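The values are calculated or read from the model by the stated rules, or taken from the named source; none is laboratory data. For clarity, every value in this text was computed on a predicted model and none was experimentally measured. As a convention, Cβ positions derive from the backbone with ideal geometry for all residues, glycine included, and neighbour counts pool all protein chains shown.
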Amino acid sequence: MSLSKFANVELARPTSSRTAISAAETELNRSSRSRELIWLYRMALRASIPGARKILFRLIRKLEAGDMNSATLRDIMQECHGVSIGAHSYGCFDPVRFPAGTMIERYVSIGPQVHIYRRNHPMQHLSLHPYFYNSNCGGQNTQDVPTAPLRIGADAWIGGHAVILPGCEEISRGAVIAAGAVVTKDVPPYAVVGGNPAKIIRYRFDSATIKAAEASQWWRLHPETATQRFDMTSNWQSAISKIAQGPGS
Ligand SMILES: CC(C)(COP(=O)(O)OP(=O)(O)OC[C@H]1O[C@@H](n2cnc3c(N)ncnc32)[C@H](O)[C@@H]1OP(=O)(O)O)[C@@H](O)C(=O)NCCC(=O)NCCS
């Protein structure tokens, strides 16, 4: 359920994050030792050595110019932790705070100490304790404790210390989550939400401007191409007619 309807704007269908990542391979850096590094990470995961995993993450960041550009870190998050992360997104390479089933599209900015929770303890059960429902704690893995997926649309910005709860399954393209927000519901495209529970503060643009931003599809492009093709400063609205022609023009 959305925080509010935003009926005037029809968005292009989001591409799956898997597609977004493979399409972006040429935009990312991959070390010649990528497969070996992934293998080492798997070994560290299997042997439960979090210190070694952290060192590997640090090394890969160095080799591949950081979170925004690393192909190997994206493979690790996808293959070992079930989190898909599009090109240029950052702040989300932490499998503890970003659980399996999280799909992060391209150009997403995530501030410090953001937490994403994907399921509640079973309030309808006799006990709330993980002993009785979580297989990791030796309990029966009961099917009636649902895990919610989460999609974060391209170019969304999540401010520091925000908490995303299971009631929110989609943070749409271009949305802003204010620092410290507690998000309980889906966030519409280009909305700015904040507070606890998060409510819409405003929209970034009026609906005509959102249509122009959507028509540009700039987030599908390499950053250099986007910069060449569009005015990426606050003057972009004055170049609206150019933007309306879309990326293929
Ligand atoms: C959401 C945000 C972008 C809004 O910025 P802004 O448009 O300049 O907003 P303003 O400061 O003019 O505030 C507009 C309204 O939103 C409210 N508001 C702003 N930030 C808020 C927050 N974090 N939580 C709740 N309400 C907030 C203001 O109180 C104000 O309410 P009012 O109109 O009732 O007075 C900004 O406040 C924010 O939270 N930025 C995140 C910064 C961050 O986390 N950076 C980490 C590194 S990425």
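Here's the yes/no breakdown for (1) more than 23 Å from A175 (Cα to Cα); (2) outside any loop (DSSP other than H, G, I, E, B); (3) within 16 Å of the ligand (Cβ to nearest atom); (4) in contact with a Ser or Thr (Cβ under 8 Å, 6 or more places away or on another chain):
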{"site": "I60", "(1), (2), (3), (4)": "yes, yes, no, yes"}
{"site": "G66", "(1), (2), (3), (4)": "yes, no, yes, no"}
{"site": "L73", "(1), (2), (3), (4)": "yes, yes, no, no"}
{"site": "R118", "(1), (2), (3), (4)": "no, no, no, yes"}
{"site": "M123", "(1), (2), (3), (4)": "yes, no, no, no"}
{"site": "V145", "(1), (2), (3), (4)": "yes, no, no, no"}
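Please go through the stretch 174-202 and pick out each residue that is in a strand (DSSP E or B), closer than 25 Å to P149 by Cβ and either in contact with a strand residue (DSSP E or B) (Cβ under 6 Å, 6 or more places away or on another chain) or more than 10 Å from the ligand (Cβ to nearest atom) (or both).
In the first step, residues of the stretch 174-202 are kept if they are in a strand (DSSP E or B); the result is 176-177, 182-183, 186-187, 191-194, 199-202.
Remaining after also requiring closer than 25 Å to P149 by Cβ: 176-177, 182-183, 186-187, 191-194, 199-200.
Listed by number, the residues that qualify are V176, I177, V182, V183, D186, V187, A191, V192, V193, G194, I200.
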Kindly check whether there is at least one residue in the stretch 16-36 that is surrounded by fewer than 20 Cβ atoms within 10 Å (Cβ to Cβ), within 19 Å of E169 (Cα to Cα) and either at pLDDT below 95 or among the acidic types (D, E) (or both).
yes
May I ask you to list the residues in the stretch 220-234 that are over 19 Å from V192 (Cα atoms), in a helix (DSSP H, G or I) and either of a type outside the set (S, T, Y) or at pLDDT below 90 (or both)?
R220, P223, E224, A226, Q228, R229
So N136, is it touching a residue at least 24 places away in the same chain (Cβ under 8 Å), of a type in the set (S, T, N, Q) and either touching a Pro at 6+ places or on another chain (Cβ under 9 Å) or outside the structural domain of I171 (by TED's automatic domain parsing) (or both)
no
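Yes/no per residue for (1) closer than 21 Å to V182 by Cβ; (2) surrounded by fewer than 16 Cβ atoms within 10 Å (Cβ to Cβ):
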residue: G86; (1), (2): no, no
residue: V96; (1), (2): yes, yes
residue: E105; (1), (2): no, no
residue: H125; (1), (2): no, yes
residue: N134; (1), (2): no, no
residue: G153; (1), (2): yes, no
